[in-house]
1. In whole angstrom, how long is each semi-axis of the equivalent ellipsoid of region 46-197, when you take the square root of 5 times every eigenvalue of its Cα gyration tensor and sort them from largest down?
2. To check my understanding: the extent here is largest minus smallest coordinate of the Cα atoms along each principal axis. What are those three numbers for the chain, in Å, largest first?
3. Let me check I have the definition right: for region 1-101, take the eigenvalues of the Cα gyration tensor, multiply each by 5, take square roots. What are those semi-axes in whole Å, largest first?
4. Can you sort 277, 142, 108 by solvent-accessible area, 1.4 Å probe, largest first?
5. If you line up the long axis of helix 106-116 against the longest principal axis of the chain, both from Cα atoms, how many degrees apart are they, to the nearest 10?
6. Whole Å is fine, so just give me how far the alpha carbon centre of region 26-55 lies from that of region 193-247.
7. Among 158, 15, 259, whose mean-square fluctuation peaks in a Gaussian network model of the chain (Cα, cutoff 10 Å)?
8. Just to confirm the number: angle between the C-alpha axis of helix 59-86 and the first principal axis of the chain, 0 to 90 degrees, nearest 10?
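The values are calculated or read from the model by the stated rules, or taken from the named source; none is laboratory data. None of these values were measured; they are calculated from a predicted model. When the accessible area is computed, the model is the full protein with side chains, heavy atoms only, and any ligands, DNA or RNA have been set aside. Shrake-Rupley method; radii C 1.70, N 1.55, O 1.52, S 1.80 Å.
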Amino acid sequence: MQFQQLQYFVAVAETRHFTRAADLVHVAQPSLSQQIKALERELGADLFLRARGNITLTDAGEALLPLARRILADADTARHEVQELVQLRRGRVRLGATPSLCTGLLPDVLRAFHDRYPGIRLLIEEGGSHDLVRELARGALDLALIVLPLPTPAPALTTVELLREDLVVVSSPEAARPGGGRRTVRVADLAGERLVMFRHGYDLRELTVAACRAEGFDPDFAVEGGEMDAVLGFVRAGLGVAVVPRMVAARSGRGLRVTPLARPGLHRTIALAHRSDVAPPRAARELQRMLLER
């Protein structure tokens, strides 16, 4: 049974005329008649009673008609759904990002994407780079914003560098200035400070601890284990200082003093990643383009 045969059958059933049905579906009348006969052979039953000037449905034709209409309607719906996706009217993008990027980089880009494609659902998953790479590998994400270099190689991923971001020290305006009040702070100056530290698995935790150890000391934690919002809240409360991305500090509003790190400072490289063996969906590719062009 072919889809085209069902189209021809419904056309004849609705017009009760083979020639008019052929005109309706834009096919020669002999071809239409041949396809109807082929359908009848396939089903093992006549679908029409053919009398001169009078075409009526048999019992088999009456039984087939609602089913054929439903099949054609479902096919039309499927075609429409695919066209909606192709034209970015519907669909979803599953994006992973580190919490600091959700706070700093993503809000403006996602707002612009949503304004342009309001029918596309945005599903955001926050996590450390290691966790996001694992989610990409198992197909749970379309794209992920991760911090390079990765702790372990990921040959199945394609990564494109997005930006290189400075890290800064944030503290409470009511507390003493870190680094003895200078305009910039050296990493070595953090040896005299109590740090508010992120939970294990946070890229910023590993980067900060590694930088301190490279200067010959282990950082002193006042509080540890928080997510980005919690860390900033603890700093505002005067519990200690924290090393955060410049974009996050700029968006955090009042209640924080921002002190740059002295050269060479600390930086992190943000990359956009997706699986190498699977092309991202059309909507994900459009979000990728907007992120790269931001």
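1. After scaling each eigenvalue by five and taking roots: 63, 17, 12 Å.
2. 105, 37, 29
3. 42, 14, 11
4. 277, 108, 142
5. Approximately 20 degrees, to the nearest 10.
6. That distance is 78 Å.
7. Among 158, 15, 259, the largest mean-square fluctuation in the Gaussian network model of the chain belongs to 15.
8. That works out to roughly 30 degrees.
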